[in-house]
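Before any comments, here is the structure.
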Amino acid sequence: MGRYLARRLIQAVPVLFIVSLITFFVMHLMPGGPLAAYMNSPGLTAEGLARLKHYFGLDRPLYVQYLSWLGELVKGNLGTSFVNGQPVLGRILERIPATLALMLPSFLLSVILAVPIGVVGAVRKYSWIDYLLTIFAYFGIAMPTFWFGIMLVIFFAVRLGWLPAQGWLTPGMGFSWTDLLRHLILPMTVLALYSVASWSRYLRSSLLETLGKDFVRTARAKGLAEATVVLRHALRNALIPLVTVLAMDMPTLFSGALITETVFAWPGMGNLFYVSLTKRDYPVLMGILVFVSFLVVVFNLLADVLYGLLDPRIQYE
Amino acid sequence: MGDVQLRGNGRKDGQPRRGGLRGALGGMVLLVALALATAACGGGSPPATGGSPAGGAGGAAQGAGTIVDGLYEEPDLLNPTIGANMTYSTLVELTMFPGLFTVDDHGRLIPDLATEVPTVQNGGISKDGLTYTFHLRDAKWSDGQPFTAQDVDFTWRFIMNPKVAPRTTAGFDHIASSKMIDDHTIQFRLKEPFAPFASAWVAPLILPYHVFKDLSPDQYMTAAYNKAPTVTLGPFKFKEWKSGDHITVVANPDFWRGAPKAKEIVFKIIPDQNSLLAAMQSGEVNVYYFAPITQLAQLKAIPGAQVVVHPQLAYESAVLNLRNPILQDVRVRQALEYGLDRDVLVKDVWKGMGTTVAGDQPPGSWAYDPGLKPLPYDPAKANQLLDEAGWKKGADGYRYKNGQQLKLTYSTTAKNPWRAQTEQIAQAQWKQLGVNLQIRNYDATTYFGTILPKGQFDIGEYMYTNAYDPYFGTQVQYATGAPSNFGKYSNAKVDQLLAMQLRTPDQAQRKAIYAQLERILAYEDPPALFYYSPMEIDVSRGIDGYKPGPVLPDTWNSWEWALKTK
């Protein structure tokens, strides 16, 4: 097991390298650039523009820019933001509290809701309740986040005035759990709606397949209670595909939900990524992507380990 | 001083759903997808809310005396001499950083840290226009240190330091030498006359020498001060900046005009105009600067909201790319002007909230000449000019010359409702002249970062916001070889008049020179199609003393802002 983990982590190094190489060049292929914001400013002079280019290092060939970025990365330095001259790592880390405050509760809520919904859908397949849940799932998956988010804001914040329209804490009030909770409800609803809808669909189809398996028929033939058959025998086997999906979704915990955070002015990583993208703040974008790629590797590994716990037949060599 | 114009483009919405990054390669694919999606980013009209807003409950529950200002875009830095993103940085910086001068709500240059605006008459400017003397008032930095001529001297030296990438060097690059006559008097000797020199010192600007004196120039750009300016001179002091969330400034009791009326201002970052509207409706913010025209009716319907609609120092125009031989013929450019009904643009596209302009000086500018009328809508005249230029109508209704069709590409920022309407009107009206107009739009960063600077367009529409002094905008766009001269315009007379007014310190004389210059830009050799100057919409709710003006962002008089007592 230990050797397996070590090997997988070493394999991740070239993967991360290739990902960084491709993202770096694709990113610089995007038209526009960090100097766009200066381009129609009344005080711009030709020398001023040249100084900015030189300061950002944009006057060097692209491969030189990449190599110098990579050289710094090897030393553990993610560089400094074009936008504000601050270290990229610091800019990412300062967004983590707000990101976790939104994503962890949304994730937990989604799991708590998705599992029973998926089970009910599978056990009562083609019943009215299954159709109802199916309609709900289509609604959740098809709903555009920015539209649904703004509708919630208009109804609950503007019309009814029950909940705040944006932000994660009321500025100037100090931290309080109730304040955070009030701010959490709307964005959490938006995020959970999508996750619950998609995860419950995965679980429903996976459980349906499992319920048709021989070992389930055997369990039923032994006279076990239906609840035991479903929950102890079938569900455990049906969870494996869901674990994969959850592990793939876990990095969003850290990278944030771009649209939701923008609509609700939630100061998390998704928000940072969006703003950095519109400003072409290459070092911050690279920093976030490297960070997320690393998390993907870690969570994939975690998912593999979890398979073993769920299904002892899975061995690690 | 400068306003950058990316602000009016209202980037929002239109992204792909749910932004989570999945998978290492997935993340990369998503990046590309996002690039394309933000490429399609822009306006999009907000959903109609209508009905009656239920103000209060979600309301401004802050401590007494706290004003909440909804900030559409997060500043990059809070050092007023560096970093882009100027409108919203300036908005916050104005509460902490005075200049030697500031601009009031009538667009007038007034003294700030200097005791008077220098003129030749009051001896502040020498007759040859080469020596400027600034007299400074008594003021204290927020750490108790006195403000002196040393701070003024350091500020321009910081900007001109080769290790610094400043917002603008304009004006400061003309300084030959400085002399601190005493603690409250500083004199600048210029290399050559530069009439807008005083206006280079407009707020927000002055940096504390005693904070930077121990740093090496290598540390200037990354100094912690740039993000947390703890020592300032303005009505408010820096308290905290929570990235992506808010910036808080608190009253400076030692401010030289007297303590401000509000206890603190929280700049709440809300990067979505629909969310800003909702926050205004629910009473969570007191101030919403620069709202889009599409929200005007909803903003007016908010009980207790003070909606200020006022002229701004900006104008919408479409630059003509003179790299294209078709547009090098001035008759074709004039035909496009005669063939487009600009009154319709103001009436229909801007609901009457704007003024048509003939040149690059909007009504809020001191160089504006009301006698300079835009060319009238006259399709017959336009057709005649195209005939003269040798473009003959073909069987398909389009004009041809030597077998080449009169085909032009019109570009601007994507998904912007008013620009999309403008394009449709131009396409329809010019089609009647026999012009085949192709529309190709881009996201703002692509448009300003690549399309315009590289000249990959024929006609490019955008909004330009002038600085207080008319020179900066004209020079940067229409002088030969200037960095934002996107159409490669070059007119010897324009260059000569620009140089001439720089050597003329007297404003009335400069205005006369400007009148000649504007006639060239408007009629004789237009570099662009000048459309209109749109009105600006700023909203406050529950505060007194809100007086937005045409030049500086609304916080120019933040010391007068006060929460209303019920």
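The values are calculated or read from the model by the stated rules, or taken from the named source; none is laboratory data. As the structure is a computational prediction, the values presented were derived from the model and not from experiment. We place every Cβ from the backbone using ideal geometry, glycine too, and count neighbours over all the protein chains shown. Remember, those area values only see protein heavy atoms, side chains included, never the ligands or the DNA or RNA. Shrake-Rupley method; radii C 1.70, N 1.55, O 1.52, S 1.80 Å.
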- Item | Protein-only accessible surface order, largest first, of A:Val119, A:Val229, A:Val15 at 1.4 Å | A:Val15, A:Val119, A:Val229
- Percent of beta bridges antiparallel (DSSP, the protein assembly as shown, rounded to nearest 5): 80 percent
- Net +/- balance of residues flanking B:Trp418 in space, Cβ distance below 13 Å, scoring K and R +1, D and E -1: 0
- Have a look at the range B:399-453 and give its Rg and Dmax from the Cα atoms, expressed in angstrom. 12.9, 37
- Note on the structure: If each part is reduced to its alpha-carbon centroid, the range B:443-487 and the range B:84-110 end up apart, in Å, by 23 Å
- Message: Rounded to whole Å, give me the distance from the Cα center of the range A:248-305 to that of the range B:509-540.
- Response: 45 Å
- Computed [θ] at 222 nm, deg cm²/dmol, chain B (DSSP H ≥ 4; -39,500 (n - 2.57); rounded to nearest 500): -6500 deg cm²/dmol
- Item | Heavy-atom accessible surface that B and A bury in contact, both chains counted, 1.4 Å, Å² to 100 | 7500 Å²
- Quick one: compute the contact order of chain B, relative version, from alpha carbon pairs under 8 angstrom and 6+ residues apart, as a percent. 22 percent
- Note on the structure: For A:Phe264, the accessible surface traced by a 1.4 Å probe with all protein chains present amounts, in square angstrom to the nearest 10, to 10 Å²
- Query: Can you pull the three principal axis extents for the Cα set of the protein assembly as shown, in Å, largest first?
  - Reply: 107, 79, 59
- Query: Can you give the angle from 0 to 90° between the axis of helix A:2-29 and the longest principal axis of chain A, with both taken from C-alpha atoms, to the nearest 10?
  - Reply: 50 degrees
- Averaged across the residues of A:147-157, what count of C-beta atoms belonging to other chains lies within 10 Å of each residue's C-beta? 5
- Query: Using alpha-carbon pairs under 8 Å, 6+ residues apart, how would you state the relative contact order of chain A in percent?
  - Reply: 26 percent
- Query: Taking Cα pairs under 8 Å and at least six residues apart, what relative contact order does the range A:1-96 come out at, in percent?
  - Reply: 15 percent
- Counted charge near B:Gln298, where neighbours are those whose Cβ lies closer than 14 Å (Asp, Glu -1; Lys, Arg +1): +4
- Message: As I understand it, the dipole of chain B uses +1 on the Cβ of Lys and Arg and -1 on the Cβ of Asp and Glu, about the Cα centre. Which of B:Met353, B:Gln424, B:Leu215 lies farthest toward its positive end?
- Response: B:Gln424
- Task: Provide, as a two-decimal number, the C-alpha radius of gyration of chain B over 2.2 N^0.38 Å, N being how many residues it has.
- Result: 1.01
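I'd like to check one number: the per residue accessible area of the range B:460-513, probe 1.4 Å, reported in Å² as a whole number. Could the numbers behind the result be given before it?
Values: 1740 Å² over 54 residues.
For the range B:460-513, the per-residue accessible area is 32 Å².
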- Query: Taking only the alpha carbons of the range B:195-306, what extent do you get along each of the three principal axes, in Å, biggest first?
  - Reply: 53, 35, 31
- Give me the percent of the accessible area of the protein assembly as shown that comes from carbon and sulfur atoms, probe 1.4 Å, all protein chains in place. 60 percent
- Message: What is the angle, in °, between the Cα long axis of helix B:379-388 and the longest principal axis of the Cα atoms in chain B? Nearest 10 is fine, range 0 to 90.
- Response: 70 degrees
- Note on the structure: Toy charge model, Lys and Arg Cβ at +1, Asp and Glu Cβ at -1: the range B:231-270 dipole around Cα centroid in debye, rounded to 20, equals 100 debye
- Message: Quick one: 3J(HN,Hα) in Hz for the range B:286-294, Karplus 6.51/-1.76/1.60 with θ = phi - 60°, rounded, Gly and Pro as x.
- Response: 9, 9, 9, 8, 6, 7, x, 4, 5
- Query: With Rg and the Kirkwood Rh both taken from Cα atoms, where does Rg over Rh land for the range B:318-405?
  - Reply: 1.05
- Item | Scaled radius of gyration (Cα, divided by 2.2 N^0.38 Å) that the range A:204-317 gives | 1.52
- Query: On average, how many beta carbons from a partner chain sit within 10 Å of the beta carbon of a residue in B:72-81?
  - Reply: 3
- Using r as the Cβ-Cβ distance of A:Tyr4 and A:Leu231, and R0 as 25 Å, what FRET efficiency do you calculate, to the nearest 0.05? 0.25
- Item | Selected from B:Pro553, A:Pro116, A:Leu29, residue furthest toward positive end of dipole (the protein assembly as shown; charges at beta carbon) | A:Pro116
- What FRET efficiency, computed as 1/(1 + (r/R0)^6) with R0 = 51 Å and r the Cβ-Cβ distance, is obtained for B:Tyr377 and B:Lys191, rounded to the nearest 0.05? 0.65
- Note on the structure: The ³J(HN,Hα) series, computed from each phi in the range B:305-312 with the Karplus coefficients 6.51, -1.76 and 1.60 at θ = phi - 60°, rounded to the nearest Hz and given as x for glycine or proline, is 7, 9, 9, 9, 10, 8, x, 10
- Query: Where Lys and Arg each count +1 and Asp and Glu each count -1, what net charge lies around A:Ala227 among other residues with Cβ under 15 Å from its Cβ?
  - Reply: +4
- Message: For B:His246, what residues show an amide H to amide H distance below 5 Å, using hydrogens built from the backbone and excluding near sequence neighbours?
- Response: B:Ile269
- Query: For chain A, what mean projected area does the convex hull of the alpha carbons give, in nm²?
  - Reply: 22.2 nm²
- Item | Solvent-accessible area lost in complex, 40 Å² minimum, residues of the range A:50-68 relative to chain alone, 1.4 Å | A:Arg51, A:Tyr55
- Item | Net charge dipole size for the protein assembly as shown [Lys, Arg +1 and Asp, Glu -1 on Cβ; Debye, nearest 20] | 2500 debye
- Using the C-alpha atoms of the range B:115-187, what convex hull volume per residue, in cubic angstrom, is computed? 112 Å³
- Table column - 3J(HN,Hα) (Hz), the range B:499-507, Karplus curve with 6.51, -1.76, 1.60, x for Gly and Pro: 5, 5, 5, 5, 8, 10, x, 6, 5
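Within 10 Å of each Cβ in B:448-457, how many Cβ atoms from other chains are there, averaged over the peptide?
The mean count of partner-chain Cβ atoms within 10 Å per residue comes to 4.
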- Share of alpha-carbon pairs per 5 Å distance bin for the range B:105-155, given as whole %: 4, 17, 20, 23, 17, 12, 5, 1
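Given the convex hull over the Cα atoms of the range B:251-360, what projected area results after averaging over all orientations, in nm²?
11.5 nm²
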- What order, most packed first, do the peptides B:267-273, B:167-173, A:51-57 have when packing is the mean number of other Cβ atoms within 10 Å of each residue? B:267-273, B:167-173, A:51-57
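Which order, highest average first, do B:410-416, A:154-160 follow once you tally other Cβ atoms within 10 Å for each residue and take the mean per peptide?
B:410-416, A:154-160
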- Message: Rolling a 1.4 angstrom probe over the protein chains, ignoring ligands and nucleic acids, what is the accessible area of A:His183 in square angstrom, nearest 10?
- Response: 10 Å²
